[in-house]
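One structure below.
The values are calculated or read from the model by the stated rules, or taken from the named source; none is laboratory data. Being a predicted model, the structure only gives us computed values, none of them experimental. In this analysis, Cβ positions are derived from the backbone assuming ideal geometry, glycine residues included, and neighbour counts consider all displayed protein chains. To get the accessible areas, we keep the full protein, side chains included, count just its heavy atoms, and leave off ligands, DNA and RNA. Shrake-Rupley method; radii C 1.70, N 1.55, O 1.52, S 1.80 Å.
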Amino acid sequence: MEYTVLIVVGFLFAALLGKLIIPGVLLVAYDKSLFDLPDARKVHDRPIPRLGGVTFFPVIVFVMCVLCLYLVLHCSDSNRFFTDNMVNEFLALMGGLTLLYVIGVGDDLVGVRYSRKFLIQIAAALLIPVSGLYINNFYGLFSLGEIPMFIGVPFTLLLTVFVTNAINLIDGIDGLASGLCMVALGMFGCTFAIEGLWMYSLLAFVCMGVLVPFFCYNVFGKAEKGSKIFMGDTGSLTLGFILSLMAIKYSMYNGEAHHSVDGAPLMTAFSMLLVPCLDVLRVVWGRLRRKAHPFKPDRTHLHHKFLLMGLNPRASMILILLMAIAYIVLTYALIYVGVPANVIFILVLMIWIISNIWFSMVIRRRG
């Protein structure tokens, strides 16, 4: 019960700090003309401040440190909160976030070459296996079980960089990236609490808390009144790295299976990231087929499809969030009734492919 109260306090504390800091960030952005300018690829038609994400990292670190310090000083059974290897994992998280925060701020202010950002992402991702976390078991998914470290570590690096960029690339309309992250963080927070991983549950809800005021400014703020803001690369890289760490933490085999269904831990963890991850795979594959640069921005993301179908940005955002929730609920339900993970994976993939084919047909009918 005490840990549940602590998580609620962490959520509210982070939301309050975010609400207090964002107006100051807006003032600085307007004073220094730090805007995301509209162009042919972007949805917005006015210059919008893009520094909302600079609030995430300092608020998350401050709230986590304050609450962890409280536990150490005043909680007699804090050892249940700080499980084995937790300090190493927390330090790896802070180190990785620091690297991404610096490169993100630089990109939002003056722009950074993608190759340099990619190298920094790899350096940050390296800290996760150094802390002892890496994908070490597929639990029977794709007929694979335990995998050796020399395969698991590179796979973990690839997965971390991929998820981090997936969150970055899907940040295309108001509320989409932050909304998808809040859905994933809420599910991770509840799942970790059920598993007794209270530190990670607290981290998830603290991150969710700092996103709430940003979401309000991003979605309901008015550009003409100076109350609208984007998260920028600083925010999306921060959130992507945290979500990838959580997915790896939940997926790592520690001697106890999370569920009797083969592959359940991996499917459970990545069901929360299916929409941004599958969308990036689809977009990159499409660019390669057209012989275009795989990382060159275009208008082929899922939210662009919804806009081309005639929906406005708000409706597109809501429907994509509902899609993400539906995938999570479907995956959890199928795991609960004992459907093999390989079947779940194929079913989810087929639903994704069929739905995207249908979206494309609707767009073609509209001309």
Among the residues of the stretch 100-119, is there at least one that is touching a residue at least 24 places away in the same chain (Cβ under 8 Å) and under 27 Å from residue 4 (Cα atoms)? no
Using the structure shown, decide if residue 73 is open to solvent by 50 Å² or more (accessible area, probe 1.4 Å), within 30 Å of residue 254 (Cα to Cα), at pLDDT below 90 and assigned to a helix (DSSP H, G or I). yes
From 239, 273, 211, which residue is surrounded by 24 or more Cβ atoms within 10 Å (Cβ to Cβ), touching a Ser or Thr at 6+ places or on another chain (Cβ under 6 Å), touching a residue at least 12 places away in the same chain (Cβ under 8 Å) and closer than 28 Å to residue 305 by Cβ? 211
When the stretch 53-68 is checked residue by residue, the ones that are more than 26 Å from residue 174 (Cβ to Cβ) and open to solvent by 10 Å² or more (accessible area, probe 1.4 Å) are 61, 62, 65, 66, 67, 68
Where the second residue is modelled with pLDDT of 90 or more and basic (Lys, Arg) and the first is closer than 14 Å to residue 91 by Cα and lies in the stretch 62-76, which pairs have Cβ atoms under 6 Å and are six or more apart or on separate chains? none
Please go through the stretch 169-208 and give me each residue that is closer than 21 Å to residue 302 by Cα, touching a Ser or Thr at 6+ places or on another chain (Cβ under 7 Å) and either of a type in the set (D, E, K, R) or surrounded by fewer than 24 Cβ atoms within 10 Å (Cβ to Cβ) (or both), ordered by number. 171
Which residue is nearest to residue 295 (Cα to Cα), if the candidates are limited to the stretch 96-115 and must be surrounded by fewer than 17 Cβ atoms within 10 Å (Cβ to Cβ) and at pLDDT 90 or above? 106
Which numbered condition trips up residue 295, out of (1) touching a helix residue (DSSP H, G or I) at 6+ places or on another chain (Cβ under 8 Å); (2) at pLDDT 90 or above; (3) open to solvent by 30 Å² or more (accessible area, probe 1.4 Å)? (2)
Determine, yes or no, whether residue 343 is among the β-branched types (Val, Ile, Thr) and either over 28 Å from residue 160 (Cβ atoms) or free of Cβ contacts under 8 Å to residues at least 40 places away in the same chain (or both). yes
More than 22 Å from residue 64 (Cα to Cα), in contact with a Ser or Thr (Cβ under 7 Å, 6 or more places away or on another chain), assigned to a helix (DSSP H, G or I) and open to solvent by 20 Å² or more (accessible area, probe 1.4 Å) - does that describe any residue in the stretch 132-154? no
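One line per residue, one yes/no per condition, for (1) open to solvent by 50 Å² or more (accessible area, probe 1.4 Å); (2) polar (S, T, N, Q); (3) in contact (Cβ under 8 Å) with a residue 24 or more places away in the chain:
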| residue | (1), (2), (3) |
| --- | --- |
| 316 | no, yes, yes |
| 323 | no, no, yes |
| 332 | yes, no, yes |
| 335 | no, no, yes |
| 338 | no, no, yes |
| 347 | yes, no, no |
| 367 | yes, no, no |
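Residues checked against (1) open to solvent by 30 Å² or more (accessible area, probe 1.4 Å); (2) not hydroxyl-bearing (Ser, Thr, Tyr):
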position	(1), (2)
228	no, yes
234	no, no
287	no, yes
302	no, yes
310	yes, yes
For residue 158, all conditions in the list (1) within 21 Å of residue 280 (Cβ to Cβ); (2) in contact (Cβ under 8 Å) with a residue 12 or more places away in the chain hold save one; what is the number of the exception? (2)
So, in the stretch 202-235, exactly how many residues are small (Gly, Ala, Ser) and at pLDDT 95 or above? 2
